[in-house]
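Below is one structure, written out as C-alpha cells; the observations come after it.
The values are calculated or read from the model by the stated rules, or taken from the named source; none is laboratory data. Computed from a prediction, not measured in an experiment: that's the story for all the values here. Backbone-built Cβ (ideal geometry, glycine too); neighbour counts: all protein chains shown. With ligands, DNA and RNA removed, areas are computed over all heavy atoms of the protein, side chains included. Shrake-Rupley method; radii C 1.70, N 1.55, O 1.52, S 1.80 Å.
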Amino acid sequence: PGDVTAPSSLTAAVNGCDAVVHLVGIIRETRGRSFHRVHLHGTRNVIEACRQAGVQRLIHMSALGARDRAASRYHRSKWQAEQLVRASGLAATILRPSIIFGAGDAFLPMLRGLVTGPPAIPIVGDGMSLLQPIAIEDVVSCFGGALRRGDTAGHTYELCGPATFGFEQLVDLVAEAVAVEKPKVHLPVWFMRPVTAVLSRLSSRFPLTSDQLTMLLEDNCCDISDMV
C-alpha cells in the first residue's frame, strides 16, 4: 500500500520491484484531491520513488484526449503528467485508454442512472459526440503486453474499443438493456454549463462536473492499429 501524494509511503512500496505500473487518477476533484495534486505531483512522486529504488521500467496510465491546452483541466493535468514521465529518464511506456467499461467502472452506472432516474432521459446538447469505449479486460491485456515488451519503452499508445458510438446511441443501448422506455429531452449546452457549475459544487451526488461536461461534448476516439 502507498499514497501517491505521500512520497514517504512510496519508498517501501516500490523497493525491490522490477517495474512500476502507475494507474492512480481521479475523474472528479474533491477537497484535498485536485487533478494537480494527484495527477501531477502524484506522478512526480512515483517517478522519484522509482529513481530512489533503482526501478527503470515504468508503465504509466494517462487518458485519451490528454493534450496541451485541452479545454478540460483533467486532460491538461494528464498531459502535464505525461511530460514528467517523458523527461524522467526511465524506460517508460504511456498508455491512453478511452472510457473504460467493465467491473467497477463508473461510466455505465452513470448512464444507467440517467436512464432509470428522471421521468425523461436527459441528453446534453445534440448527443452526437463520438465515444469508443474499451473493455477493462482489453486495457489489462495492453498493460501486460507493454510490460512484457521492452520495445514499447519510449512510446505512447492510445487504447480504444473496436466500435464507435454516439453518446445518445449509447444511452439508447443502455435503456434497451435495462428494458426502459422513456421520452428523451435534449438540454441546451448554454443552459447546462451554469446549472452544472452550481449543482456540482452543492452536491457530490450531482452526476456531472463542469470539467466532465466539457469532456462529454468532445469526441473520444482513436486508431486501434497500434494496440495489436
* Asked: Among the numbered criteria (1) assigned to a helix (DSSP H, G or I); (2) touching a residue at least 40 places away in the same chain (Cβ under 8 Å), which single criterion is violated by Gly42?
  -> (2)
* **Positions within the range 191-212 being surrounded by 17 or more Cβ atoms within 10 Å (Cβ to Cβ), touching a residue at least 24 places away in the same chain (Cβ under 8 Å) and among the small types (Gly, Ala, Ser), in sequence order** => none
* To do: Determine if the range 120-130 includes at least one residue that is closer than 27 Å to Arg201 by Cβ and of a type in the set (Asp, Glu).
  => yes
* Do we have Val174 as loosely packed, with under 13 Cβ neighbours inside 10 Å and out of contact with any Phe, Trp or Tyr (no Cβ under 9 Å at 6 or more places or on another chain) here? -> no
* Pairs, please: C-beta under 6 Å, at least 6 apart or cross-chain, first residue farther than 26 Å from Gly125 by Cα and in the range 213-228, second of a type outside the set (A, V, I, L, M, F, W, C)? -> Asp226/Tyr157
* Structure fact -> If we ask which residues in the range 58-95 are open to solvent by less than 30 Å² (accessible area, probe 1.4 Å), on the phi < 0 side of the Ramachandran plot and either among the small types (Gly, Ala, Ser) or outside any helix (DSSP H, G or I) (or both), their number turns out to be 17
* Asked: Do we have any residue at all in the range 217-224 that's in a helix (DSSP H, G or I), in contact with a Ser or Thr (Cβ under 6 Å, 6 or more places away or on another chain), among the polar types (S, T, N, Q) and at negative phi?
  -> no
* Filter the range 7-50 for residues that are of a type in the set (Ser, Thr, Tyr) and open to solvent by less than 30 Å² (accessible area, probe 1.4 Å) and give the result. => Thr43
* Structure fact -> Of the residues in the range 145-171 that are touching a Leu at 6+ places or on another chain (Cβ under 7 Å) and open to solvent by 50 Å² or more (accessible area, probe 1.4 Å), the one that is farthest from Pro122 (Cα to Cα) is Glu158
* Can you name every residue in the range 13-22 that is over 16 Å from Arg44 (Cβ atoms) and either in contact with a helix residue (DSSP H, G or I) (Cβ under 9 Å, 6 or more places away or on another chain) or of a type in the set (Ser, Thr, Tyr) (or both)? -> Asn15, Gly16, Cys17, Ala19, Val21
